[in-house]
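Working notes for the structure below.
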Amino acid sequence: MSAPLAWTRTMRAMAALAVNPAGLGGLTLRARVGPVRQTAEAALAKLPGPQRRIHPEISDTQLFGGLNIAASLAEGRMVRDPGLVETPGLLILPMAERCPPGLAARLGQLLDAPSGHALVLLDEGAEPEEAAPMGLQDRLAFHVDLSGLHWSQVAATLPAPAEIDAARARLADLPLSETALATLTTLAVQFGIDSLRAPILALTAARALAALDGAEALCEAHLTEAAELVYPVRATQLPETPEDTEETSEDKTPDPDTEDAGDDTATDPGPELPDEMLIDAVAALLPDGLLDRVAARTRARGALSGGGAGARRRGNRHGRPLPARPGRPDGRARIDVIATLRAAAPWQALRARHGAARVVIHPGDIRLRRYEDRSDRLVIFVVDASGSAAMARLAEAKGAVELLLGQAYARRDHVAVVAFRGSAAETLLPPTRSLVQAKRRLAALPGGGGTPLAAGLQAAAALSDQARRRGLTPAFALLTDGRANVALDGKSGRAAARADAETTAALLRGATDQGCVIDTAPRPGREAAALAGYLAVDCITLPRADAQRLSGAIDSALGGG
Amino acid sequence: MTTPFPFSAIVGQTQMKLAMVLTAIDPGIGGVLVFGDRGTGKSTAVRALAALLPPVTVVRGCPVNSERPEDCPDWAAVTATDLTTRPTPVVDLPLGVTEDRVTGALDIERALTQGEKAFEPGLLARANRGYLYIDEVNLLEDHIVDLLLDVAQSGVNAVEREGLSIRHAARFVLVGSGNPEEGELRPQLLDRFGLSVEVTSPDTIEDRIEVIRRRSAYETETETFLAHWQAEDAALRARILAARTALAGVATPEDILRDCANLSLALGTDGLRGELTLLRAARALAAHEGAAAITRDQLRAIAPLALGHRLRRDPLDEAGSTARVTRAVADVLA
């Protein structure tokens, strides 16, 4: 890809944003910290209007305003600090990939309200799975990826403020064109974009771009440009591609709410609508690995979904706040200033008579902050889908996992599914609470190929590590016949495969607290038992055609919840 | 830009709109839950609802919007006895809200300045006789959910904190919206919503284009657009008011009661709340349609909304609850 093109588009996106910040919502800028991002940020800084930097852990008080205690006490009346959001402007959120779902929801509401805010997400995700919350990205018109650009190729080139003002003035006079509307909507459908925000944003973007160019009306070039800026990152399918790509794409994006029927009717559009040129232009910009990207997006979405209920364990200073309670500060707990003041407040009129101090706080008034923190369990299902297992009892194993998923639901566990077959392992489902997805992924899992047991164990260990960092307690259920025949490097060979499996088993043992091995071999063999030995967990033999009993056994092996 | 997008101008989404209109006709139905994907117009509809609702009559200056002077809580010390009208309150419950802002707490200002213990009403007080809207309801903190469950059940907000002992009426229609991908709702909270709807993007290209067309008209030619649709909204408001008066006169035949019970039995819904909501919502629909008595048609239309979220959850059932309800309706009302 020609790198400067990506940069030119970034500059155009920023210019359009300057013209109509509230209408376009904002921009997602995906780049690691470096000179290129610095240049981009410098360009951002030149955009008109106030700009505020926020951070992923920003408190609601900072964001939405709150009581200014010092001033309130001094003046004897309520003094509120204005929040950052009270003056409309551009909010810049660095480290957007760390944005917790709660903040994402709040910012989303802020963008929905007609408050004139715009948001720039600086996404520093290193892995494809790490990304800014999709709910927020959906509300921002533009997404640009600056990775792969070299600093020598970039320079901030934004139109002068006067030009931007002139463009804004022209914006209102641009006539709406029916064809533009139809074109952009159809195009969105053809790229499998379900959200209706996308065409709305594309239309707004096209208008802003046309205004920037001083055009009298929307022309093809603006539509193309807007579509190029808005659609590629949201695309979930390629229009009119060879059959095989299409199918894989749909396999990988099980979107529960996508109306397949709707998309089908939509892909054979009316007579004047198939805009070959536009499709080509946007398709050329689709990231090379669209399918990987799509999968990664679903993953990122799944990974975020688990965090909603707050499953983090961070000692007694963090977590879900509980009502403050009276107590003495002991160096560990923090004083809840507001609650303490509330407790002391009613007595002030009385106490003031005895002393000169303005606020009299007695030890009994002191309130301490309390937080509750829990650690949720993550059950990682590691499923052997190799030929040997598939022949034997893959279907039964799937049945057992489904039962377990039902129980996991009842206990509010998070689940993840890793499958291994052929030469590698794949994380079918990152940690999530969405059982429907888990079930769907599992049902679609094909069987066949070698048994890369070591790769499977390694993937599970990596997942456990990740989960532990997020405050989850990982456990695993490994369904395999234990007959490894593909080594970590993808080469077949029983001896090497077994050696690798032993090494990675130690890795997994270190990474998890609980687990069990379920022997899926036609006849219970030594292999699975030996593997369970390396993992230091129980080995359960899959009873013939009795998934119910199996799930009971696993449940007790995993500690019964 | 401050006028919300008009309710009538929302393309499609008939179920969602119907559910909201029904709660406006009979607030006793108990709330609407809207679940759907991103960009399907969930928030737009709720914001539009506020502008659609008929005004309410309240005692002037009463913090809990009491209907009669004798209903005003003692602690509010309302001296006025005259009535005034105001728009139906639609109160937003922000996600990061603290417990004391929801229930109300000691009024710091008065405590600081006058050394008095006084109660500062919270969001629940403001939402009395109106709507309480929670966007992204599935991301709401557990302790706030607990609090809402209790109040939504009893219709009374009791505050026992900081030496205060206060109670006041808190009857509101709970409207929640969310994206199911971001987390599940606890069954106890699900049950508090009378009706639930799932929304998806419109599935024909014409509808999609129409959405975009109206949206951009709203943004660019705001005045003409609003003038047209606010008239439609006014007509709908008149229908809602007419339905409210008609509501009491709608007859409930014995057969319909039996049908309600049979439907709930067939679906195995927990408790009687499902049947009661089904009946109430069907009656509201009959009033809305100008029918003299509830018929099976109304039951058919309402059943998915009223029962869909009350089914004993089978997390692995692919078919989805709507399909199960439709099946049961076809069987029972055959």
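Annotations for the structure displayed:
- Which listed residue, of A:PRO175, A:PRO269, A:PRO256, is surrounded by fewer than 21 Cβ atoms within 10 Å (Cβ to Cβ), more than 19 Å from B:ASP203 (Cα to Cα), within 11 Å of another protein chain (Cβ to nearest Cβ) and at pLDDT below 85: A:PRO175
- Single condition B:THR224 does not satisfy, out of (1) under 27 Å from the mean Cα position of the chain (by Cα); (2) of a type outside the set (A, V, I, L, M); (3) more than 8 Å from every other protein chain (Cβ to nearest Cβ): (1)
Yes/no per residue for (1) of a type outside the set (Asp, Glu); (2) under 23 Å from A:GLY23 (Cβ atoms); (3) within 14 Å of chain B (Cβ to nearest Cβ):
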site	(1), (2), (3)
A:LEU91	yes, yes, no
A:PRO100	yes, no, yes
A:LEU122	yes, yes, no
A:GLU127	no, no, no
A:VAL144	yes, yes, no
A:TRP151	yes, no, no
A:PRO161	yes, yes, no
A:ILE164	yes, yes, no
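- Listed by first and then second residue, the pairs with beta-carbon distance under 7 Å, at least 6 apart or on different chains, first residue in the range A:56-83 and modelled with pLDDT of 70 or more, second of a type in the set (Val, Ile, Thr) and in a helix (DSSP H, G or I), are A:LEU63/A:VAL85; A:PHE64/A:VAL85.
- Counting the residues of the range A:1-19 that are surrounded by fewer than 22 Cβ atoms within 10 Å (Cβ to Cβ) and either under 23 Å from the mean Cα position of the chain (by Cα) or outside any helix (DSSP H, G or I) (or both) gives 2.
- Exactly one residue out of A:ALA261, A:ALA235, A:ALA208 is modelled with pLDDT of 70 or more and within 14 Å of chain B (Cβ to nearest Cβ): that is A:ALA208.
- Meets criteria (within 26 Å of A:ASP112 (Cα to Cα) and among the hydrophobic types (A, V, I, L, M, F, W, C)) for A:ALA217: no
- Taking the range A:465-490 as the range and being part of a loop (DSSP other than H, G, I, E, B) and of a type in the set (Gly, Ala, Ser) as the test, the residues that pass are A:GLY471, A:GLY482, A:ALA484, A:ALA487, A:GLY490.
- With respect to the conditions (1) within 14 Å of chain A (Cβ to nearest Cβ); (2) on the phi < 0 side of the Ramachandran plot, B:GLU136 lacks only one, and its number is (2).
- Here the condition is being within 14 Å of another protein chain (Cβ to nearest Cβ) and within 30 Å of A:TRP347 (Cβ to Cβ); of B:ASP107, B:ASP74, B:ASP92, it holds for B:ASP107 alone.
- Criterion: under 30 Å from B:VAL46 (Cα atoms), within 15 Å of the chain's Cα centre (by Cα) and of a type outside the set (Ser, Thr, Tyr) - qualifying residue of B:LEU149, B:LEU139, B:LEU123: B:LEU149
- Selected residue (only one of B:THR200, B:THR204, B:THR245 is within 14 Å of chain A (Cβ to nearest Cβ), under 21 Å from the mean Cα position of the chain (by Cα) and more than 15 Å from B:PRO304 (Cα to Cα)): B:THR200
- Flag for A:ALA499 being part of a helix (DSSP H, G or I), at pLDDT 80 or above and surrounded by 24 or more Cβ atoms within 10 Å (Cβ to Cβ): no
- Filtered residues of the range A:502-514 (kept if in a helix (DSSP H, G or I) and crowded, with 20+ Cβ neighbours inside 10 Å): A:THR504, A:ALA505, A:LEU508, A:ALA511
The values are calculated or read from the model by the stated rules, or taken from the named source; none is laboratory data. Please read these numbers as outputs of a predicted model, since none were measured by experiment. We place every Cβ from the backbone using ideal geometry, glycine too, and count neighbours over all the protein chains shown.
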